1. With the requirement that a residue be at pLDDT below 80 and either open to solvent by 80 Å² or more (accessible area, probe 1.4 Å) or in a loop (DSSP other than H, G, I, E, B) (or both), what does segment 24-37 give you?
2. Filter segment 1-17 for residues that are at pLDDT 80 or above, under 20 Å from GLY71 (Cα atoms) and open to solvent by 40 Å² or more (accessible area, probe 1.4 Å) and give the result.
3. When you check ILE59 against the structure, is it open to solvent by 40 Å² or more (accessible area, probe 1.4 Å) and either farther than 18 Å from GLN11 by Cβ or modelled with pLDDT of 80 or more (or both), yes or no?
4. Counting only residues that are at pLDDT 80 or above and surrounded by 12 or more Cβ atoms within 10 Å (Cβ to Cβ), how many does segment 39-56 have?
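The values are calculated or read from the model by the stated rules, or taken from the named source; none is laboratory data. These numbers were taken from a predicted model, which means no experiment stands behind them. All Cβ positions, glycine included, derive from the backbone under ideal geometry; neighbour counts span all protein chains shown. In case anyone asks, the SASA skips ligands and DNA or RNA and just uses the protein heavy atoms, side chains included. Shrake-Rupley method; radii C 1.70, N 1.55, O 1.52, S 1.80 Å.
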Amino acid sequence: MNERIKELAIQAGFFYEDYKDIWYLEYHNQSCEEEMKKFAELIVRECIKELGNDTRCRIAGADKIVAEHFGVEE
């Protein structure tokens with residue numbers, strides 16, 4: 001997983017155990033709906049910020065820029 005996505009997930013309230021390579025909430029039985037909403041919002045904001053700061057938007061498609069930023073292969 002891309003390091004920036006990991007950072008955003010942690011900001012949203014998820015916890016990551018590197019040695020187990022798992023994500024979880026502090027209380028395993030609680031719903032993660034709010035954290036998922038926050039995570040999605042953080043990703044969208046990051047994309048908007050990246051597109052707004054990148055002059056390649058005029059040349060390349062926005063989808064390619066977002067994919068490159070988050071390390072997603074087409």
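1. LEU25, GLU26, TYR27, HIS28, ASN29, GLN30, SER31, CYS32, GLU33
2. Selection gives ASN2, GLU3, ARG4, GLU7, ILE10, GLN11, TYR16.
3. yes
4. 8
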